[in-house]
Amino acid sequence: MQTYHYLLASQKFLLEEEPLQEVFDERYRNYRETQKEVDFWLVKQPAFLEAPEMADIKKSCPQPSAAIISTNQQFILWLKLRLEYVIMGSFSAPSPTIPDPVASAVAVV
């Protein structure tokens, strides 16, 4: 089982109010140059919030939500220091209640 770290906020905040694209572009560039595998994902309406153990976290976040999920705790901590109005946490997956750590609860049409 792997530990995943996340930042959670409203979609509006993460996708419209914060200039995250520049951060992601720079991170992708660095990973390509160092031949490192990507270890972070931006997920709209993350399915991990549907797990019973995440009920209190889900209640505390404006909906619809979005999450930045990573196996790199340092990256999530760095983003937390840059961003306000986010919830930081972690979970282990895959598990019976969180089978896919980066799944979205939104159906792709």
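Every number in this text was worked out from the coordinates using simple rules, so none of it is lab data. Bear in mind that the values here come from a model prediction, so they are computed numbers and not experimental data. Neighbour counts run over all protein chains shown; Cβ positions are idealised from the backbone, glycine included.
Worth a mention:
- Charge dipole (debye, nearest 20) of the chain; +1 at Cβ of Lys and Arg, -1 at Cβ of Asp and Glu: 60 debye
- Inverse mean reciprocal Cα-Cα distance (Kirkwood Rh) of the range 2-93, Å: 13.6 Å
- Taking the chain and dividing mean pair separation by its residue count, relative contact order in percent (alpha carbons under 8 Å, at least six apart): 47 percent
- Taking the fewest neighbouring Cβ atoms within 10 Å as the starting point, the ordered list for Ser90, Ser70 is Ser90, Ser70.
- Rounded to 10°, Cα long-axis angle of helix 73-82 versus longest principal axis of the chain: 90 degrees
- Qualifying GluC sites (Glu not before Pro) for the range 1-95 [loop in DSSP, other Cβ within 10 Å: at most 10]: Glu37, Glu84
- Taking the longest Cα principal axis of the chain as reference, the axis of helix 20-33 is set at about 60 degrees.
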